[in-house]
């Protein structure tokens, strides 16, 4: 049953790729289609309300300006609300205002789709903040990322000057994808016992006569967009391990598919835009191959259990159950971990700090590469970036000018791609080193030995990849951590997005090179191999030393 | 796609205006209308689930949520998993102990010693790992069926209820995998103990 239930979920996902991908393609193709009749009137109302008179295409600079401006306004409003939540309505549990650096961290965390949480939802946020700041940003940050990904795909697959209209993409991502899907999944989750109420914390008298307070709230509505938008910030501190957020294996499967279906179908969407579906399937296969590699590492490592506990003479045949829930057991926990770090969601249904060293390495590795499906659009852009790099490397080897989708890849694009590829390890390794050199950073470590290194490394990897899960033992609610991870999340998202929009803007204007027999094809098995090779070689060169000091050292010590 | 935004009014300033208005519209739509609509529908159609799946006694007092574990200090009840927060459900969490953490290893050794003392009839080779490890949430409402089985000799001795009756109780409360395949078989400790209590009366 262990492997079978994983295989079933994988099969359902693969079956979803085509229908979901087709739907998403029609949302953003801007060609008239049946969806317009259903959503058109509502969208025209929104265009009117926001004052969008012309939906003409934008250059990459205008596109970037538009999404940045929108995000800046949302950040400003959200920050103010967190700082004054005490005085606002819907605060039945009387929660106070949030401290400055924590508010900064929280707002950056949610607008960048990271959802790293240095606070605990049940004690740190009013219901108003949970709704108006957290849920709202879960929608808007996901819609922003999705729009940018689509714009990037338009840039590398079409000719002309424009990569689309940001505001139109942003509105449609909400009205046609995130809002309807979230309402549907919310109701499904409530049917499976996830609470959705505005009542304050419950008080009950237990069977033994003690008083138990039970935090509750509008959980289901947050739960659905948390996964569909690959956000990952939990309503409660322990996220999807909490029985109210994720009461059964069935809700677990729904949450896994909710966060995975859109990122997994994006390569297919790309194939449709490129008018060559094989292109999309090559990218999808490369992602899936890497995913299965990491999933196996995590699954079998957790199944093997903790050698130190196995040696105590108890029945440890179930595997490593510290930090996991009985209803999920090993298979539903490891699958969830592999998907959440692949899709950069960052929601957790088991505590990643308690993972066996190699299990934790699997989670770390997926975020370090940041190309295995990836969050709202980011994974696809990243993978295409590696695809262009792969083409470039092959071009160098045979001495031809590299081409990708009929466009010459030239120094300008390669410089931008180099910036984006180098920014990721830079944002991880430099702050990690700084944290180890200062007492402010070292003081947060709660697990001794090599695992302490993993804790710090994981925090910055998760921030830079905009994942948001954590080795949560880390005592991270201090100004040092709030500010440093806040900046890493900020740069991790925006440097990358702007560089990639610039690449798209540069490619969209290029002359198309006609395809000949000498053209290096990017839709066959050879390229699939080259792509995986490029990703693994660059990843290994960058991160191997850090991994050896953390998880691998701990693994060797545990035996 | 081939049109370009060069129309009058597509300057930087008008972008700011659109960005501000778009933000307001989506704050209201996603932050207020969406959650309130969901709450309304959920409360109307599924009030029991939407309000936390509470279990009430015969006089209508809530004794817990079937989804949230409770602390059982009395050894005559079935015990749940280790919870570093003692099942205090106003918060949630655990110690986040690494597999190499000496405190966690010591806690586990202590649990094994305590088990030997309280359950002399069951060798520790039968003690399931799930029972003496901390759940992720600290609120896990379930134990594995094996974790319930191994507690039967102790409970039978303390309460005088026949082991066979307890066996029947445990198998009655063993929930199978969802749809026959997803997750793990499990026993809800609170529901099991409610019935055990009725048996004791």
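Once segment A:192-205 is narrowed to residues that are at the interface with chain B (Cβ under 7 Å from one of its Cβ atoms) and free of Cβ contacts under 8 Å to residues at least 40 places away in the same chain, the residue that is farthest from residue B:37 (Cα to Cα) is A:205. Hey, any hits in segment A:445-457 for a residue that's assigned to a loop (DSSP other than H, G, I, E, B) and crowded, with 24+ Cβ neighbours inside 10 Å? Taking every residue of segment A:445-457 in turn, at least one turns out to be assigned to a loop (DSSP other than H, G, I, E, B) and crowded, with 24+ Cβ neighbours inside 10 Å.
Quick one: is residue B:80 more than 7 Å from chain A (Cβ to nearest Cβ), modelled with pLDDT of 95 or more and either assigned to a loop (DSSP other than H, G, I, E, B) or more than 30 Å from residue A:558 (Cβ to Cβ) (or both)?
Numbers: more than 7 Å from chain A (Cβ to nearest Cβ): yes; modelled with pLDDT of 95 or more: yes; either assigned to a loop (DSSP other than H, G, I, E, B) or more than 30 Å from residue A:558 (Cβ to Cβ) (or both): yes.
When the stated conditions are applied, residue B:80 passes them.
To keep it simple, each residue is scored yes or no on (1) part of a loop (DSSP other than H, G, I, E, B); (2) buried (at least 18 other Cβ atoms within 10 Å of the Cβ).
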{"site": "B:24", "(1), (2)": "no, no"}
{"site": "B:28", "(1), (2)": "no, no"}
{"site": "B:32", "(1), (2)": "no, no"}
{"site": "B:35", "(1), (2)": "no, yes"}
{"site": "B:43", "(1), (2)": "no, no"}
{"site": "B:49", "(1), (2)": "no, yes"}
{"site": "B:59", "(1), (2)": "yes, no"}
{"site": "B:64", "(1), (2)": "no, yes"}
{"site": "B:68", "(1), (2)": "yes, yes"}
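Residues considered: A:396, A:335, A:361. Of these, the only one that is without any contact (Cβ under 8 Å) to a residue 12 or more places away in the chain and over 18 Å from residue A:506 (Cβ atoms) is A:396.
If you take the residues in segment B:66-77 that are within 11 Å of another protein chain (Cβ to nearest Cβ) and touching a residue at least 60 places away in the same chain (Cβ under 8 Å), which one is farthest from residue A:205 (Cα to Cα)?
B:76
Among the residues examined, residue A:344 qualifies as touching a residue at least 60 places away in the same chain (Cβ under 8 Å) and at positive phi.
Of B:101, B:119, B:134, which residue is in contact with a strand residue (DSSP E or B) (Cβ under 6 Å, 6 or more places away or on another chain) and either buried (at least 24 other Cβ atoms within 10 Å of the Cβ) or over 28 Å from residue A:217 (Cα atoms) (or both)?
After ruling out the rest, the residue left standing is B:134.
When segment A:231-254 is limited to residues that are farther than 16 Å from residue A:333 by Cα and facing another protein chain (nearest Cβ under 7 Å), the one that is surrounded by the fewest Cβ atoms within 10 Å (Cβ to Cβ) turns out to be A:237. Going residue by residue through segment A:198-205, is there one that turns out to be in contact with a helix residue (DSSP H, G or I) (Cβ under 8 Å, 6 or more places away or on another chain) and over 26 Å from residue B:60 (Cα atoms)? The answer is no, given that none of the residues of segment A:198-205 is in contact with a helix residue (DSSP H, G or I) (Cβ under 8 Å, 6 or more places away or on another chain) and over 26 Å from residue B:60 (Cα atoms).
Tallying residues that are surrounded by fewer than 16 Cβ atoms within 10 Å (Cβ to Cβ) and at negative phi within segment B:160-173 yields 8.
Among residues of segment A:308-328 being at the interface with chain B (Cβ under 8 Å from one of its Cβ atoms) and in a helix (DSSP H, G or I), the one that is surrounded by the fewest Cβ atoms within 10 Å (Cβ to Cβ) is A:308. Looking at segment A:175-191 only, could you name the residues that are touching a helix residue (DSSP H, G or I) at 6+ places or on another chain (Cβ under 6 Å) and without any contact (Cβ under 8 Å) to a residue 40 or more places away in the chain? A:186, A:190, listed by residue number.
So that you can scan it fast, the table gives a plain yes or no per residue for (1) at the interface with chain B (Cβ under 7 Å from one of its Cβ atoms); (2) surrounded by 21 or more Cβ atoms within 10 Å (Cβ to Cβ):
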site: A:35; (1), (2): no, no
site: A:39; (1), (2): no, no
site: A:42; (1), (2): no, no
site: A:51; (1), (2): yes, no
site: A:56; (1), (2): yes, no
site: A:61; (1), (2): no, no
site: A:64; (1), (2): no, yes
site: A:73; (1), (2): yes, no
site: A:77; (1), (2): yes, no
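Within segment A:102-115, restricting attention to residues that are assigned to a loop (DSSP other than H, G, I, E, B) and more than 26 Å from residue B:94 (Cβ to Cβ), which residue is modelled with the lowest pLDDT? Going through the qualifying residues, I end up with A:113.
Taking the criterion of being assigned to a helix (DSSP H, G or I), more than 10 Å from residue A:118 (Cβ to Cβ) and touching a helix residue (DSSP H, G or I) at 6+ places or on another chain (Cβ under 6 Å), the residues of segment A:472-490 that qualify are A:479, A:480, A:483, A:484, A:488, A:489, A:490. Residues that are more than 10 Å from every other protein chain (Cβ to nearest Cβ), over 16 Å from residue A:466 (Cβ atoms) and either part of a loop (DSSP other than H, G, I, E, B) or touching a residue at least 60 places away in the same chain (Cβ under 8 Å) (or both) within segment A:116-151 comprise A:119, A:125, A:126, A:150, A:151, listed in sequence order. Filtering segment A:152-193 to residues that are within 17 Å of residue A:222 (Cβ to Cβ) and assigned to a loop (DSSP other than H, G, I, E, B) leaves A:192, A:193.
Look at residue B:183 and say whether it is at positive phi, touching a residue at least 24 places away in the same chain (Cβ under 8 Å) and within 19 Å of the chain's Cα centre (by Cα). Against the criterion (at positive phi, touching a residue at least 24 places away in the same chain (Cβ under 8 Å) and within 19 Å of the chain's Cα centre (by Cα)), residue B:183 does not qualify.
Is it the case that residue B:110 is within 30 Å of residue A:550 (Cα to Cα), more than 21 Å from the chain's Cα centre (by Cα) and in the same structural domain as residue B:167 (by TED's automatic domain parsing)? For residue B:110, the condition - within 30 Å of residue A:550 (Cα to Cα), more than 21 Å from the chain's Cα centre (by Cα) and in the same structural domain as residue B:167 (by TED's automatic domain parsing) - is met. Within segment A:510-528, the set of residues being surrounded by 14 or more Cβ atoms within 10 Å (Cβ to Cβ) and in a helix (DSSP H, G or I) comprises A:527, A:528. Among the residues of this structure, residue A:220 counts as one that is crowded, with 20+ Cβ neighbours inside 10 Å, within 23 Å of residue B:89 (Cα to Cα) and facing another protein chain (nearest Cβ under 9 Å).
The values are calculated or read from the model by the stated rules, or taken from the named source; none is laboratory data. Just so it is clear, the model here is predicted, and its values are computed rather than measured. As a convention, Cβ positions derive from the backbone with ideal geometry for all residues, glycine included, and neighbour counts pool all protein chains shown.
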